[in-house]
Amino acid sequence: MFFRVLGPIEVTDGAVDLTPSAPKLREVLALLVLHANRLVRTNEFIDELWRGNPPVSAAATLQTYIYKLRKLGPFRDCDGAGGYLLTKPGGYQVNIPADAIDLHVFERLLRRAEDIMDTDPQQASDVLSEALDLWRGPTLADVELGEALTAYAHLLEEQRLRAVQLRVEADLKLGRHAELVSKLRELTAIHLFHEGFHSSLMLALYRSGRCFEALEVYRRLRENMIDELGLEPSPALRQLQRAMINSDPALDRRPQAPARTAPLCSPAQLPPTIFEFTGRGPELSLMERLLTEAGDRRSAVRMVRIAGMAGVGKTELAVEAAHRAADHFPGGQLVANLRGSTATPREPGEVLGEFLHATGFPMDRVPASVEERAKLFRSWSAANPVLVLLDDAASAAQVMPLLPANSRSAVVITSRGRLTGLGGTVQIDLAPLPMEDAVKLLCRTMGLDRTPGDRAPERLAMLCGRLPLAIRCVGSRLAMSGPHAVTTLADRAEQAGRLLEVLQADEIRQRLASHYDRLTEVGRSTFRSLGLLPARFATSHACQLLTCADWEVEMAMRELVGQSLLRRLDGDHEDPVYVQHELVRSFARECYEAQTADQGLVSLS
């Protein structure tokens, strides 16, 4: 989801345009987006919408507008903790990640350019060009502006002009004088009394060997200021004119060579957040604190690892948390899928090559060995604090070469199994969603409002094991079917007992199969047999079923726990207790039946 206010207001989800067409809805949306993540009070809406002359029904009408916004794609069924559009005491608040609003992206790029202007004007010019490309016209060009929005529009126009002026300064430092003249003539024709643009035009002309034209620019500006404003140009501009008349050598500044200690670009590789993301409030709060707390150059890199079974939402949580923390890392964000759950995990050297290339190193400057690539990456990250997201890690050995230099950077890691050997890592063991959030996710994915007293969504969410991936698979399939389809599917699943087949959760089956394929032969045999036990069982029950020694069962259980196919309950039990997720158990029974059928065919042959 992406929100645009630098030009006509727009809300898009990929290629889908979700922008409201009604003028008042666009005005309400504009206020919410410009105040993203902050409360907008009811009286602020009323003052903006009715220009100080509200009808008696203003508050009720505003509630109607909010209700209509919630029915639109970006805010559908989103009232609640973690939703986009919240009702709060005294008003409303919309929660949007900073990099999902073009204005916030523009402001981040502008700050970055200001930081590097003196050391690397080439990169500053590139960053400012990227920032200015976000503008598609005047702020909120197709929105009726009241007093508050008009003030915002003026403020943002000042920021745009600041960015334009900074890019001109950067290009002057780089010696692009002749190229700037026509653009600056256009700017001075529009902004008749903007001394900054006139000063830059004078410099560009003077350094292009056109001193007379430069002095003519000053003469016309001075005449206009005296005639229209009764004022003389500023002392700085008068001093520039005198320096040109005296051919001051200080004006003949040579182009500044671009520095290349900083990257050519700040990578921003995070994938977009998903609209349906629901819940995980405690985990997000913890991760945001861990990722944004201050660190110094001597401390170890901050690492957060999210572990859990297939489909529990590890990657979605990692991406959501990374977006919320992204502004704290001026070096940018790097992302790599390490494919740890597949038969061919990625090599660290390959990933390091991609990281270095993304930060601006030409491939001919990237060393060949893993060790040298890792050293170069650490050297770069020491000066450029970066957020690294490593998805689906296989082992500590795969992760270690990919770590940045110090705690000014941070790393988010997801994995299905446990990673031993990563000291200082904060681990989050992700469980299925709480029932309330699971039901909310189901309704949101289907695009339905929950009917009070209707237990069918809760039944179906429970049958999905409160697993986000399974819920989204089922919800997407039922999206066009209406609320009755939820009851029908829940009834079928409860009666049939073959959850994966009835729910048609093929993506869950594929992910579980990748776990299963990585097991040893003993592990696979144990996993298949455990599908015949209840979801919760003691080790002694498994020993009876498997007819093998206790230590052999424990070894097999440990392997299944390591692949997140089984969970051992906490506690010092003499007879340890394990729990198997219902969808995992359903998959285990499928594997058992398939194996039994294959053996039957072999015996017949």
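The values are calculated or read from the model by the stated rules, or taken from the named source; none is laboratory data. Note that the structure is predicted; figures quoted are calculated from it, not measured. A quick note on method: Cβ atoms are made from the backbone with ideal geometry, for glycine too, and the neighbour counts reach across all protein chains shown.
Descriptive notes on the structure:
- Residues (surrounded by 11 or more Cβ atoms within 10 Å (Cβ to Cβ) and part of a helix (DSSP H, G or I)) located in the range 220-235: 220, 221, 222, 224, 225, 226
- Filtered residues of the range 307-362 (kept if within 21 Å of residue 467 (Cβ to Cβ) and in contact with a Cys (Cβ under 8 Å, 6 or more places away or on another chain)): none
- Annotation note: Cβ proximity below 6 Å between a residue of the range 460-480 that is free of Cβ contacts under 8 Å to residues at least 60 places away in the same chain and a residue that is among the acidic types (Asp, Glu) and surrounded by fewer than 24 Cβ atoms within 10 Å (Cβ to Cβ) (sequence gap 6+ or interchain) occurs for 473/507.
- Cβ pairs under 6 Å, 6+ apart, first in the range 526-540 and outside any helix (DSSP H, G or I), second basic (Lys, Arg): 531/585; 531/589; 535/585
- Single match in 147, 114 (criterion: under 27 Å from the mean Cα position of the chain (by Cα) and either in contact (Cβ under 8 Å) with a residue 40 or more places away in the chain or farther than 30 Å from residue 46 by Cβ (or both)): 114
- Matching entry among 156, 140, 180 (being at positive phi and either surrounded by 21 or more Cβ atoms within 10 Å (Cβ to Cβ) or at pLDDT 90 or above (or both)): 140
- Checking residue 51 against (1) closer than 19 Å to residue 90 by Cα; (2) surrounded by fewer than 17 Cβ atoms within 10 Å (Cβ to Cβ), the condition it does not meet: (1)
- Residue in the range 358-370 that is at pLDDT below 90, outside the structural domain of residue 564 (by TED's automatic domain parsing), acidic (Asp, Glu) and out of contact with any helix residue (DSSP H, G or I) (no Cβ under 9 Å at 6 or more places or on another chain) present: yes
- If you check 192, 187, 201 for being within 42 Å of the chain's Cα centre (by Cα), farther than 20 Å from residue 122 by Cβ and surrounded by fewer than 17 Cβ atoms within 10 Å (Cβ to Cβ), only one passes: 192.
- Of the residues making up the range 315-337, those that are of a type outside the set (D, E, K, R) and within 18 Å of residue 381 (Cβ to Cβ) are 322, 325, 326, 328, 329, 330, 331, 332, 333, 334, 335, 336.
- Listed conditions (1) out of contact with any Lys or Arg (no Cβ under 8 Å at 6 or more places or on another chain); (2) buried (at least 22 other Cβ atoms within 10 Å of the Cβ) are all met by residue 310, apart from (1).
- Any hit, the range 104-127, residues being of a type in the set (Ser, Thr, Tyr) and either in the same structural domain as residue 19 (by TED's automatic domain parsing) or more than 16 Å from residue 6 (Cβ to Cβ) (or both): yes
- Residue among 385, 367, 401 that alone is touching a Phe, Trp or Tyr at 6+ places or on another chain (Cβ under 7 Å) and surrounded by fewer than 22 Cβ atoms within 10 Å (Cβ to Cβ): 385
- When residue 416 is tested against (1) under 24 Å from the mean Cα position of the chain (by Cα); (2) of a type in the set (D, E, K, R); (3) surrounded by fewer than 17 Cβ atoms within 10 Å (Cβ to Cβ), exactly one condition is not met: (3).
- Taking the numbered list (1) crowded, with 16+ Cβ neighbours inside 10 Å; (2) under 28 Å from the mean Cα position of the chain (by Cα); (3) at pLDDT 90 or above in turn, residue 86 passes all entries but (3).
- Residue count, the range 580-605 (criterion: of a type in the set (S, T, N, Q), assigned to a helix (DSSP H, G or I) and either at pLDDT below 75 or under 16 Å from residue 463 (Cα atoms) (or both)): 3
- Of the residues contained in the range 161-182, none is found to be outside the structural domain of residue 7 (by TED's automatic domain parsing), within 25 Å of the chain's Cα centre (by Cα) and free of Cβ contacts under 8 Å to residues at least 12 places away in the same chain.
- Of all residues in the range 12-45 being in contact (Cβ under 8 Å) with a residue 24 or more places away in the chain and of a type in the set (Asp, Glu), the one that is farthest from residue 2 (Cα to Cα): 44
- Selection from the range 543-568 of residues that are farther than 20 Å from residue 511 by Cα and under 36 Å from the mean Cα position of the chain (by Cα): 568
- Within the range 206-215, the presence of at least one residue that is among the aliphatic types (A, V, I, L, M) and part of a helix (DSSP H, G or I) is confirmed.
- For residue 119: the one exception among (1) part of a loop (DSSP other than H, G, I, E, B); (2) at pLDDT 85 or above; (3) β-branched (Val, Ile, Thr); (4) surrounded by fewer than 15 Cβ atoms within 10 Å (Cβ to Cβ): (2)
- Of the residues in the range 254-269, not one is at pLDDT below 90 and assigned to a helix (DSSP H, G or I).
- Count of the range 308-358 residues which are of a type in the set (Ser, Thr, Tyr) and either in a helix (DSSP H, G or I) or closer than 30 Å to residue 95 by Cα (or both): 1
- Residue within the range 569-579 that is within 36 Å of the chain's Cα centre (by Cα), outside any helix (DSSP H, G or I) and at pLDDT 85 or above present: yes
- Filter result (surrounded by 15 or more Cβ atoms within 10 Å (Cβ to Cβ), basic (Lys, Arg) and either modelled with pLDDT of 85 or more or farther than 16 Å from residue 279 by Cα (or both)) within the range 431-464: 440, 450, 459
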